[in-house]
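Below is one structure, written out as structure tokens; the observations come after it.
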Amino acid sequence: VKYVTMYGFSTENWSRSWEEIRDIWRVMEQTATSFYELSKRERIRVKVLGDLSDERIPQSLKNILQKFTTKDSTEYDDKEEPLTLCIAINYGGRDDILQATRKMAQMVARGEMSLCDIDDDTLSNFLSTGVAGVPDPDLVIRTGGERRLSNFLIWNCAYSELYFTDSLWPDFDENELDLAIDWYQNRERRFGGR
């Protein structure tokens, strides 16, 4: 496993109560603060997907996330690729597609790009994952008994294997991960072919 992407806070989460949102930000900031040194020690590269420019996101959380994203990448110049942890914060798959489409439309309007230049790869490169250099996921694990993607990387998951578990996220441990990986390893991936 080279890449792991987790939903931290979706664009839809803004509809929750302000007290719940405040608690989510508090826990996220505490976790990020304690995880920072571990990420350096364990060679975990952290990338943030989503819109952090929203003024409702606490500046203190933005500051710690900025420390992750500005960490000198030359720390990982040797042959062993580090694990990349992507945290989707103030992220929504539809919004990501919309923002990418707007950027491409602006470039077309300015004459910097032709409509003929726009294809699957072009759109993928304009998505937050493309900008971050993150490949499409091979496996999506959905916890909590839900059977939907909930606007998570919806463009990127076109050919992902979808694993659903009743285990709640806080209870999703190493054993649960092993079960998901075992299930994935027994899948025959055809990407639309036979």
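The values are calculated or read from the model by the stated rules, or taken from the named source; none is laboratory data. Nothing here was measured: the structure is a model prediction, and the numbers come from that model. Note: ideal-geometry Cβ built from the backbone for every residue, glycine included; neighbour counts use all protein chains shown. Just so you know, the surface numbers come from the protein's heavy atoms only, side chains and all, with ligands and any DNA or RNA stripped out. Shrake-Rupley method; radii C 1.70, N 1.55, O 1.52, S 1.80 Å.
In whole percent, how big is the carbon plus sulfur part of the accessible area of the chain, probe 1.4 Å, protein atoms only?
Values: 6010 of 12280 Å².
C and S atoms contribute 49 percent here.
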Heavy-atom SASA rank of VAL27, VAL48 (probe 1.4 Å, accessible area, largest first): VAL27, VAL48
Charge-dipole axis of segment 45-194 as Lys and Arg at +1 and Asp and Glu at -1 on Cβ define it, positive-most pick from SER124, ALA88, LEU98: LEU98
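If you place +1 on the Cβ of every Lys and Arg and -1 on the Cβ of every Asp and Glu, how big does the dipole about the Cα centre of segment 100-188 come out, in debye to the nearest 20? Provide the component values of the computation, followed by the final result.
Numbers: 7 positive and 17 negative charges, 140 e Å.
Approximately 680 debye in magnitude.
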In Hz, Karplus ³J(HN,Hα) per residue of segment 142-153 (6.51, -1.76, 1.60; θ = phi - 60°; x = Gly, Pro): 10, 8, x, x, 7, 10, 8, 8, 6, 6, 9, 6
Net +/- balance of residues flanking ASP95 in space, Cβ distance below 12 Å, scoring K and R +1, D and E -1: -2
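For segment 30-142, how big is Rg over Rh, using alpha carbon atoms and the Kirkwood form of Rh? Write out the running numbers ahead of the final one.
Numbers: Rg = 16.4 Å, Rh = 16.1 Å.
Rg divided by Rh gives 1.02.
If you take every residue apart from VAL108 with its C-beta less than 11 Å away from the C-beta of VAL108, what net charge results, scoring Lys and Arg +1 and Asp and Glu -1? If you can, show how the numbers build up before the last one.
On the way: positive: ARG102, LYS103, ARG110; negative: GLU112, ASP117.
Net charge around VAL108: +1.
Would you compute, from DSSP H runs of 4+ residues alone, the mean residue ellipticity of the chain at 222 nm, taking -39500 (n - 2.57) per run and dividing by the full residue count, rounded to the nearest 500?
Details: 6 runs with 76 residues, N = 194.
Roughly -12500 deg cm²/dmol at 222 nm, from the helical runs in the chain.
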Three-way shape call for segment 9-48 based on the alpha-carbon gyration tensor, with the a/c threshold at 1.5: oblate
Distance between segment 39-68 and segment 3-35 - C-alpha centres, whole angstrom: 11
Simple Cβ-charge dipole of segment 13-150, Lys/Arg +1 and Asp/Glu -1, about Cα centre, in debye nearest 20: 460
Heavy atoms of TRP14: accessible area, 1.4 Å probe, square angstrom to 10: 40
For segment 40-194, share of DSSP beta bridges that run antiparallel, in % to the nearest 5: 0
Amide proton proximity set for CYS86, modelled H, under 5 Å, gap of 5+: VAL4, THR5, MET6, LYS47
Lysine pair number, Cα distance threshold 22 Å (strictly under), segment 14-161, separation 8 or more or different chains: 11
Range of Cα positions in the chain per principal axis (Å), largest first: 49, 48, 43
Accessible-area value, LYS47, 1.4 Å probe, nucleic acids and ligands omitted, Å²: 50
Using θ = phi - 60° and Karplus 6.51 cos²θ - 1.76 cosθ + 1.60, couplings along segment 41-54 (whole Hz; Gly, Pro as x): 5, 8, 6, 10, 7, 10, 10, 10, 10, x, 9, 8, 7, 4
Contour excess over end-to-end distance, with Cα ends at SER150 and ILE118 and 0.36 nm allotted per residue: 8.9 nm
Inter-centroid distance (Cα atoms) of segment 156-194 relative to segment 80-105, Å: 21
Long-range amide H partners of LEU139 with built H, under 5 Å: GLU161
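Determine, from the Cβ-Cβ distance of ASP54 and TRP183 and an R0 of 30 Å, the FRET efficiency 1/(1 + (r/R0)^6), rounded to the nearest 0.05.
Working: r = 36 Å, r/R0 = 1.21.
Efficiency, rounded to the nearest 0.05: 0.25.
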